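The values are calculated or read from the model by the stated rules, or taken from the named source; none is laboratory data. Note that the structure is predicted; figures quoted are calculated from it, not measured. Backbone-built Cβ (ideal geometry, glycine too); neighbour counts: all protein chains shown. Please note that ligands, DNA and RNA were not included when accessible areas were found on the heavy atoms of the full protein model with its side chains. Shrake-Rupley method; radii C 1.70, N 1.55, O 1.52, S 1.80 Å.
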Amino acid sequence: MAHLRPPLRRVSGRAIGVWTLRLVFGSLISLLLLSALAWVVGTFAWDWVPEWIRRNPWVLPAAYTVYALLKIAIVPSWRYRVHRWEVTEDVIYTRVGWISRAWQLVPVSRIQTVDHTQGWLERVFDVATLKVQTASYAGSSTIEGLDAEEARGLSEELAVRAGTLRDDAT
Amino acid sequence: MDRQYEPESGPHDPPRNTDGTGGWIAPGSTSGTSGDQRSGREHLDDQQGRPSPSSWPTGEAHGAHRRTEEPGSATPTFLPPVADTGGEPAAPRSWWGEKSSNDQGGVLGAEEVHGLSPRSLVVGPINQLKSLFLPILAGLVVGGFNPWVLTATGFAVVALLIGGFVTWKTFRYEVGEERLEIRSGLIRRSRRTIPLERIRGVDVTSTLLHRILGVAVVRIEAAAGSAEGTEDGKLDAVDLAEAERLRRVLLHRKAVLMGRERQEEPARGREDTDEEAAVAEEPADDTVTYFRMPRNWYLYGALSLGYLLTPFVVLTTLFGMLQQSAGEMVTDFLLDWVSSTDRGFLLLLAVVFVGALVLLMPVFAVVSYALTHWGFSLRGRDGSLVAERGLFTRRSVTLERRRIRGYELFDNPLERTRGAVRLRAIVTGLGDTANRAVLLPIGPRARVEQVVDSALALFRARLTRHPRAALYRRLTRAVLPFVVVTVVAAASGITWVAVTAGVLAVLGVPLAVDRYRSLGHGYDGERVSVRSGSLSRGQATVERSAVIGWTWTQTLFQRRSGLADLQVTVGAGTGGYTAQDASLGESVDFAARVTPEMVRPFLVRPRGEDEGGSADRQD
């Protein structure tokens, strides 16, 4: 029984930075909300809130902090190890995820659009996201964290090749 | 039915040409496309050397292009033909001025600018009134017919009538050689151009009212620029014959356009134009009837859950309508009656009523099912499949074969007891698939497969079963949550929750087993098929060429047992069909068999086995 080998290329190492910062910001916002909640509960101490929560309102934010720190420490580098991509003559092959994984094959001849996007965080780290769309709702493939220069070149190349290879595309 | 128009088109043409005072005549339509498939000889002769006045600022090239084929025409290819219009200046076009003169003679030649049927003047306002009817009635009853309410109602009705008139007066459509144009609006004008190659389907629907008046609503669905988007043209309403003609013309001309692109026998299209009669009979020539509904198939309606529930829906709607129109009175009356009647009698009545309702459920289901599926037929013509059905509202959906990528078979447990299935097509860029992709009514599997085989192509391989681990996953999912609830509830001493959850947990076992048994995927050399589900089991089959990618997803739990979900990406239908919990290795082999060019480059084979997958694939 054969199996799929992982795609050859890794994304840019700077993607770890993007993912880390993204997680940090997301966690901070959640932590802020949870803290506000804890503060409100602690201050007003409504009757309908269970006793032990009223007594220790800060348990939840504390637990979340631990969880978030662990996640920030582990997930980005793990993700970096999993995220791989490869563009051959006629197929785009990607692997994404961390705990759950997804392998995707998209034929270049069926590409309809190639999007090259860069959020502000990605601009800081000089990486970019490449999104390839086919005629199917389910068939779009995303490569996150590519080196910006490489992503630009790749998107142009793919667009050209999709144009030349293009059959009906559906 | 073209023959109906044809005699009128000849004699009626000259007046249009002479008094076409900058009216609504497009060169692309009148003379230009008349050279094409549809219109008669007379029409052509009439046109020779006397192209219609162009009031078309854009000067559509395609119209002129055709005309160059006519010997008498002096019009250069890419100029708007203004030279020999008998001194008629290319006046700015009017949006609605022309139609009335055309209208007396009925519908003109096939390439004319058309308006809606005058009978839509009746249908449109009535349809709008229908939704306003109850509120108006309620207003009148409650308001005690006082003059204010009466006047307001009168105004509303008049406004509706005027609105309908304006719509009818301003609405124009025109089938050009390469595009369909729909224009409408008095103040806010809109013009929609749909290239004929883009047309994906033409639906003809007529409600009871439409049919009494002999008109129908034509919906033209076209692919928009983007992949998923579609844009519709809706003609509400045209004569039945015109609807039928439009469908034929649009799809046929489209087929010709596509054919011409491929350099396929352009001569045939020309021959067709020569004789209107030939054109009129043409559908009869290549129309194949795949299916006509046998009487006893209506009984299958009793197996459909949706139709079984209709009596309740009808009851609620009836009650709602009563309440809406008669306000509180009904509710008060009911409450009074309930509180004043003997309790035992009430109970008996309720039991009898509910019993009768349950007993009648299948009857209602069959009746309502029969109403919507009456005279179901599936035919093939001009490279399309046409499914038609309905007793009061007759609906006919045309699906282009080129866009049909496969089919789906559905059944629920009830239907499985009778071996019945439902059939739907998997079509590129089709909205409202629940209604429009239906190719057959519920019917016995053998017959359905026979129809599939003749109309499309049947999947003929056995499905590969998924590994046993998939069964355990299903059991865990169906049983474990309820077991946990049972244990927790039992521990907390809430008996009824514990019992309910316990029963559900036990029921989960057969469900999980059935869900496991329905899992499968297969490939017969040309088509890929995946199946899953229990309460609504679906098997999707798509052509190999329609597969535009593969996606495997594997969660942590799946990884432990070597399973993965394999999604077949398809540019049609829902976009992807998933083989759930297949063996990862086997599914990779499977994908490699279906699309070797896509998967092979990324395969590694341990211990140098060559094509060893075939041994593993036998389950």
What is the residue count in the stretch B:416-444 for residues that are within 24 Å of residue B:294 (Cβ to Cβ), modelled with pLDDT under 90, buried (at least 20 other Cβ atoms within 10 Å of the Cβ) and not hydrophobic (A, V, I, L, M, F, W, C)? 1
How about the stretch A:56-91: which of its residues are within 14 Å of chain B (Cβ to nearest Cβ) and touching a strand residue (DSSP E or B) at 6+ places or on another chain (Cβ under 9 Å)? A:82, A:84, A:85, A:86, A:87, A:90, A:91
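What helices (runs of 4 or more DSSP H) lie completely within the stretch B:409-489 and have 2 or more residues being among the hydrophobic types (A, V, I, L, M, F, W, C)? Please lay out each step first, then the result.
Numbers: elements: B:413-417, B:433-436, B:445-455.
Ranges flagged: B:445-455.
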How many residues of the stretch A:117-159 are at pLDDT 90 or above, open to solvent by 30 Å² or more (accessible area, probe 1.4 Å) and either touching a Gly at 6+ places or on another chain (Cβ under 7 Å) or in a loop (DSSP other than H, G, I, E, B) (or both)? The answer is 2
Which ones in the stretch B:180-206 are over 19 Å from the mean Cα position of the chain (by Cα) and over 22 Å from residue B:237 (Cβ atoms)? B:187, B:195
Can you name the residue in the stretch B:229-262 that is modelled with pLDDT under 70 and in a strand (DSSP E or B) and, of all such residues, is surrounded by the fewest Cβ atoms within 10 Å (Cβ to Cβ)? B:231
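For the stretch B:370-388, which residues satisfy the criterion of being more than 14 Å from residue B:290 (Cβ to Cβ) and either part of a loop (DSSP other than H, G, I, E, B) or touching a His at 6+ places or on another chain (Cβ under 7 Å) (or both)?
Narrowing the stretch B:370-388 to residues more than 14 Å from residue B:290 (Cβ to Cβ): B:370-375, B:382-383.
Of everything in the stretch B:370-388, those that are more than 14 Å from residue B:290 (Cβ to Cβ) and either part of a loop (DSSP other than H, G, I, E, B) or touching a His at 6+ places or on another chain (Cβ under 7 Å) (or both) turn out to be B:374, B:375, B:382, B:383.
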Hey, among B:420, B:425, which residue is in contact with a Pro (Cβ under 7 Å, 6 or more places away or on another chain) and among the aliphatic types (A, V, I, L, M)? B:420
Since residue B:512 meets every condition but one in (1) open to solvent by 10 Å² or more (accessible area, probe 1.4 Å); (2) away from chain A (no Cβ under 14 Å); (3) not in a strand (DSSP E or B), which condition does it not meet? (1)
Among the residues of the stretch B:552-608, how many are at pLDDT below 90, in a loop (DSSP other than H, G, I, E, B), facing chain A (nearest Cβ under 8 Å) and over 15 Å from residue A:106 (Cβ atoms)? 3
Read through the list (1) open to solvent by 70 Å² or more (accessible area, probe 1.4 Å); (2) under 30 Å from residue B:307 (Cα atoms); (3) outside the structural domain of residue B:579 (by TED's automatic domain parsing), then give the number of the only condition that residue B:504 fails. (3)
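Could we say that residue B:542 is surrounded by 20 or more Cβ atoms within 10 Å (Cβ to Cβ) and either within 28 Å of residue B:306 (Cβ to Cβ) or touching a Gly at 6+ places or on another chain (Cβ under 9 Å) (or both) here? Spell out the reasoning first.
On the way: surrounded by 20 or more Cβ atoms within 10 Å (Cβ to Cβ): yes; either within 28 Å of residue B:306 (Cβ to Cβ) or touching a Gly at 6+ places or on another chain (Cβ under 9 Å) (or both): yes.
For residue B:542, the condition - surrounded by 20 or more Cβ atoms within 10 Å (Cβ to Cβ) and either within 28 Å of residue B:306 (Cβ to Cβ) or touching a Gly at 6+ places or on another chain (Cβ under 9 Å) (or both) - is met.
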Do we have any residue at all in the stretch A:19-28 that's closer than 30 Å to residue B:559 by Cβ, among the hydroxyl-bearing types (Ser, Thr, Tyr) and over 21 Å from the mean Cα position of the chain (by Cα)? no
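Looking at the stretch A:85-105, can you tell me whether even one residue there is in a helix (DSSP H, G or I) and either more than 30 Å from residue B:557 (Cβ to Cβ) or open to solvent by less than 50 Å² (accessible area, probe 1.4 Å) (or both)?
Of the stretch A:85-105, the ones in a helix (DSSP H, G or I) are none.
Checked the stretch A:85-105: no residue is in a helix (DSSP H, G or I) and either more than 30 Å from residue B:557 (Cβ to Cβ) or open to solvent by less than 50 Å² (accessible area, probe 1.4 Å) (or both).
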Does residue B:364 fit the bill of being touching a residue at least 40 places away in the same chain (Cβ under 8 Å), of a type outside the set (Gly, Ala, Ser) and open to solvent by 50 Å² or more (accessible area, probe 1.4 Å)? yes
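Step by step: first the residues of the stretch A:92-114, then only those that are under 16 Å from the mean Cα position of the chain (by Cα) and touching a residue at least 40 places away in the same chain (Cβ under 8 Å), then the one that is nearest to the other protein chains (Cβ to nearest Cβ). Which residue is that? Don't jump to the end; show me each part of the working.
Keep residues of the stretch A:92-114 that are under 16 Å from the mean Cα position of the chain (by Cα), which gives A:94-104.
Filter again for touching a residue at least 40 places away in the same chain (Cβ under 8 Å), leaving A:94-96, A:103.
On the way: A:94: 9, A:95: 9, A:96: 10, A:103: 4 Å.
So, considering only residues that are under 16 Å from the mean Cα position of the chain (by Cα) and touching a residue at least 40 places away in the same chain (Cβ under 8 Å), the one nearest to the other protein chains (Cβ to nearest Cβ) is A:103.
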Residues of the stretch B:371-388 satisfying the condition of being buried (at least 20 other Cβ atoms within 10 Å of the Cβ) and of a type outside the set (Asp, Glu): B:373, B:376, B:378, B:381, B:384, B:385, B:386, B:387
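Given the stretch B:122-201, what strands (runs of 3 or more DSSP E) lie entirely inside it while holding 1 or more residues that are at negative phi and surrounded by fewer than 14 Cβ atoms within 10 Å (Cβ to Cβ)? Steps first, please.
Working: elements: B:172-175, B:179-184, B:190-195.
So the answer is B:190-195.
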